Amino acid sequence: MREYDAPAYYHVYNRGADGKRIFYDSQDKYKFISLLIRYLIDDNDYPTYDIELVAYCVMGNHFHLLLYQENDTQAISGLLRSVSTAYSMYFNKKYKHHGHVFQSVFKASRISDNAYLAHISRYIHLNPETYLTYKWSSLTYYTGKKSDTWIHPERVLAMTPQKYLVFIEEYMDRRQVLKTVEDEVAG
C-alpha cells in the first residue's frame, strides 16, 4: 500500500477505464459520495480512515477529491481502495459490466502551500460548466448553503463564502479572456 506524507493535503483524482463514463446518473454519483461518507464517519460497521474530505466534484467520467491526512500515511490509500472497490462492485452489478471500472490506480498530487490549496479547491469546483448549480460538488458547503460533519471547507476558507464566490468568478473571467485571445490567435 502506497504511503503519503502526513500531515499533508492531496488532490486525488481518477477516470473511467478507457475514458468511459463511471457515473451515468444521479444515483451513481450519490452512491459514490455516500461511500466516501461511509468510510469517513465512524458511526457504522465499516472501517473508517483518519482523513478529512476538504472538497470534491463527481463528473460523468471522473472525480476529484481534495483530502487532508494528518497522521496515518496510509489513510489515503485505504480510503480510495475501499471506495473504489465498493463502487466498482455496485457499478458492475448495476450495469452488468465486467472488468475494470477505473482507468488505473488513482492519482494523488501533494498540495505544497495555502495559495495552491485554494487554487485546487477552485479548480475542483469549476469542473462542471454549471458549477453554481451543480449538485455533485462541495461548492454549496463553501458558499454556506450546506454544512455537515464529513466535509471540511474550513480547511480552505480563509475568506467569507461571498469572497470565495468572487475568488471563483475572478478565475472564470481570466479563463474567458484567455479563451477569447486563443480564439482570436487561432482564427
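Just so you know, all these numbers are worked out from the coordinates, no wet-lab data involved. Remember, predicted model here, so these are calculated numbers, not experimental data. As a convention, Cβ positions derive from the backbone with ideal geometry for all residues, glycine included, and neighbour counts pool all protein chains shown.
Take the Cα radius of gyration of the range 89-166 and divide it by 2.2 N^0.38 Å, with N its residue count; two decimals is plenty. Please report the intermediate quantities before stating the final value.
Details: Rg = 16.0 Å, N = 78, 2.2 N^0.38 = 11.5 Å.
Against the empirical 2.2 N^0.38 Å value, I get 1.39 for the range 89-166.
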Ratio of Rg to Rh for the range 37-113, alpha carbon only, Kirkwood?
-> 0.97
From phi via Karplus (6.51, -1.76, 1.60), per-residue ³J(HN,Hα) for the range 94-101 in Hz, x at Gly/Pro = 4, 9, 6, 9, 10, x, 6, 8
By how many degrees, between 0 and 90 and to the nearest 10, does the Cα long axis of helix 26-40 differ from the longest principal axis of the chain?
-> 70
Which residue, SER121, SER104, SER137, has the most motion in a Gaussian network model of the chain that connects Cα atoms within less than 10 Å?
-> SER104
Could you pull out every residue, at least 5 positions away or on a different chain, whose amide H is within less than 5 Å of the one on ALA55? Hs are placed 1.01 Å off N in the peptide plane, and Pro or chain starts have none.
-> LEU66
Holding the Cα-Cα limit at 23 Å, pick out from LYS107/LYS146; LYS107/LYS145; LYS29/LYS163; LYS20/LYS96 the pairs that are longer than that.
-> LYS107/LYS146; LYS107/LYS145; LYS29/LYS163
Roughly how tilted is helix 114-125, in degrees to the nearest 10 and between 0 and 90, from the longest Cα axis of the chain?
-> 80
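Restricting to DSSP H runs of at least four residues, report the calculated mean residue ellipticity at 222 nm for the chain, -39500 (n - 2.57) per run over all residues, nearest 500 deg cm²/dmol.
Numbers: 5 runs with 78 residues, N = 187.
Taking each H run of at least 4 residues, the total per residue is -14000 deg cm²/dmol.
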Counting Lys and Arg as +1 and Asp and Glu as -1, each charge on the Cβ, what is the dipole of the range 8-158 about the Cα centre in debye, to the nearest 20?
-> 720
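Using only the alpha carbon atoms of the range 8-158, find the Kirkwood hydrodynamic radius as the inverse mean reciprocal pair distance, in angstroms to one decimal.
After inverting the pairwise mean of 1/r, the radius is 15.7 Å.
Could you calculate the contour length gain from ILE37 to ASP72, that is, 0.36 nm times the residue separation minus the distance between their Cα atoms, to one decimal place in nm?
Extra length available between ILE37 and ASP72 comes to 10.8 nm.
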FRET efficiency for GLU154 and ARG21 from the Cβ-Cβ distance with R0 = 41 Å, rounded to 0.05, comes out at 0.80
FRET E, pair LYS93, ALA115, Förster distance 35 Å, beta-carbon r, rounded to 0.05 | 0.25
State the answer as a single residue: which of SER138, SER104, ALA158 lies farthest towards the positive end of the charge dipole of the range 8-158, with beta carbon charges of +1 for Lys and Arg and -1 for Asp and Glu, about the Cα centre.
-> SER104
